[in-house]
Amino acid sequence: MKCLAWIDGYVCDISEGQVPLEDRGYLFGDGVYEVIKIYNEKPFYLHPHLQRLQNSANAIDIEIPYSMEEIETEINGLIEKSECRGGYLYMQLTRGSAKRDHLLPEGTRPSMVMYVREFTSPASIEDIKPSSCITLPDERWMNCYIKSVNLLPNVLARHKAAEAGAEEAIFYRSGGIVTEGTRTNIFAVIDGVVRTHPESKLILSGITRMIALDILKKLDVTVSEAAFKLEDLENAAEVWTTSTGMEIAPVAKINGRPVSDTVPGPICKKLIEEFWKKVEAECYDGGKRRD
Ligand code: PDD
């Protein structure tokens with residue numbers, strides 16, 4: 001496949017893509033983004049991602065300079081040109097370029113860029129490597145529902161996790177309330193009930209979270225979108241993360257302590273299978289997933 005970039009309509013190889021020095025996304029983190037998974041040259045759950053982009057843009061008062069139909073056409077065109085069978089599309093919308101000033105500029109045209117990268121998903125449950133997590137205080141701002149490009153706390157927490165030999169950091173707020181991961185939503189099976197933090201300003205409302213909740217409800221699994229605490233996490237029978245990149249990812253250890261003997265546990269395993277069926281129905285006309 002070709003890793004192509006789209007910069008306000010200009011298409012080039014990703015290595016040649018450039019943005020202006022005074023782009024406010026670069027200077028201030030003044031922008032929002034989306035990551036959309038591509039299976040079989042098709043963007044997965046494109047409309048919910050575009051709706052979330054619109055919500056994030058509205059929240060920080062950026063007017064998207066294209067219609068949703070135009071964006072959809074450009075995304076499909078870029079994926080087709082890239083010949084991407086398995087990967088993701090990154091898209092970023094910033095307030096545009098203006099002389100550096102904290103004051104929001106007037107009359108500046110917002111800028112949109114996107115690019116496609118290869119990324120393969122596990123072929124089977126046996127290929128999934130369960131992850132290790134650490135827990136860290138959530139030091140982010142109070143508007144985590146906005147998919148802002150300001151990711152420094154997430155980046156530093158992810159680095160701390162790596163230093164501890166883990167793949168993800170699970171954030172908690174005061175009182176030990178578990179919010180989400182650096183780039184994932186968190187689910188835990190506590191006393192037989194699947195729990196995840198409710199939608200609020202404290203978490204990003206993940207598209208994979210939404211898909212997982214939908215599947216679990218159809219499976220008649222008892223689900224509660226109710227916040228839980230670190231101590232609940234310690235007693236959880238199963239823990240997994242959800243995200244566009246890593247789909248449904250089982251967690252084997254938290255702070256070095258095994259979650260349970262069997263990972264993925266029965267609910268997580270069923271959820272992964274049903275998630276892949278959804279991918280096959282949406283992107284492979286019901287046929288088997290393949291790269
Ligand atoms: N991250 N929470 C946070 C803080 C995230 O950054 C993400 C996604 C999620 C999961 O959302 P979704 O299921 O819609 O991907 C939750 C993306 C993938 C990233 O930054 O790469």
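The values are calculated or read from the model by the stated rules, or taken from the named source; none is laboratory data. Just so it is clear, the structure is predicted and the values come from calculations on it, not from any experiment. Every residue, glycine as well, gets a Cβ built from its backbone with ideal geometry; the counts of neighbours run over all protein chains shown.
Structure data summary
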{"item": "Wholly enclosed strands (runs of 3 or more DSSP E) of the range 175-239 bearing at least 3 residues away from the ligand (no atom under 13 Å from the Cβ)", "result": "185-190, 193-196"}
{"item": "The range 164-174: number of residues that are in contact with a Pro (Cβ under 9 Å, 6 or more places away or on another chain) and assigned to a strand (DSSP E or B)", "result": "2"}
{"item": "Failed condition for THR179, given (1) farther than 22 Å from ILE254 by Cβ; (2) surrounded by fewer than 22 Cβ atoms within 10 Å (Cβ to Cβ)", "result": "(1)"}
{"item": "Residue in the range 255-267 that is within 16 Å of the ligand (Cβ to nearest atom), within 21 Å of the chain's Cα centre (by Cα) and closer than 27 Å to HIS49 by Cβ present", "result": "no"}
{"item": "Selection status of ILE38, touching a Leu at 6+ places or on another chain (Cβ under 8 Å), buried (at least 19 other Cβ atoms within 10 Å of the Cβ) and not in a helix (DSSP H, G or I)", "result": "yes"}
{"item": "Test set (1) modelled with pLDDT of 95 or more; (2) within 16 Å of the chain's Cα centre (by Cα) - PRO130 fails condition number", "result": "(2)"}
{"item": "Residue list for the range 138-174, restricted to those being away from the ligand (no atom under 15 Å from the Cβ) and in contact with a strand residue (DSSP E or B) (Cβ under 7 Å, 6 or more places away or on another chain)", "result": "LYS160, ALA164, GLY165, ALA166"}
{"item": "Unique residue being surrounded by 22 or more Cβ atoms within 10 Å (Cβ to Cβ) and of a type outside the set (Ser, Thr, Tyr) when the list is ASP30, ASP61, ASP8", "result": "ASP30"}
{"item": "Residues (touching a His at 6+ places or on another chain (Cβ under 9 Å) and among the charged types (D, E, K, R)) located in the range 49-105", "result": "GLU72"}
{"item": "Pairs with Cβ under 6 Å, 6+ apart, first in the range 216-234 and under 13 Å from VAL194 (Cβ atoms), second exposed (fewer than 15 other Cβ atoms within 10 Å of the Cβ) and of a type in the set (A, V, I, L, M)", "result": "THR222/VAL193; SER224/VAL193"}
{"item": "Sole residue being under 19 Å from the mean Cα position of the chain (by Cα) and among the acidic types (Asp, Glu), chosen from GLU234, GLU282, GLU273", "result": "GLU282"}
{"item": "Selection from the range 105-155 of residues that are in contact with a Lys or Arg (Cβ under 8 Å, 6 or more places away or on another chain) and of a type in the set (D, E, K, R)", "result": "ASP138, LYS147"}
{"item": "In the range 64-74, the residues that are surrounded by 15 or more Cβ atoms within 10 Å (Cβ to Cβ) and either assigned to a helix (DSSP H, G or I) or within 12 Å of the ligand (Cβ to nearest atom) (or both)", "result": "ILE71, GLU72, GLU74"}
{"item": "Residue list for the range 109-126, filter: of a type in the set (S, T, N, Q), surrounded by 15 or more Cβ atoms within 10 Å (Cβ to Cβ) and in a loop (DSSP other than H, G, I, E, B)", "result": "SER121"}
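Condition check ((1) within 21 Å of LEU152 (Cβ to Cβ); (2) of a type outside the set (A, V, I, L, M)) across all residues:
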site	(1), (2)
LEU21	yes, no
HIS47	no, yes
ASN55	no, yes
TYR66	no, yes
GLU83	no, yes
TYR90	yes, yes
GLU106	no, yes
VAL113	yes, no
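Every residue, every condition in (1) acidic (Asp, Glu); (2) assigned by TED's automatic domain parsing to the domain that holds LEU27; (3) over 23 Å from GLN51 (Cα atoms); (4) over 14 Å from the mean Cα position of the chain (by Cα), yes or no:
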| site | (1), (2), (3), (4) |
| --- | --- |
| MET142 | no, no, no, yes |
| ASN150 | no, no, no, yes |
| ASN185 | no, no, no, no |
| VAL189 | no, no, yes, yes |
| GLU199 | yes, no, no, yes |
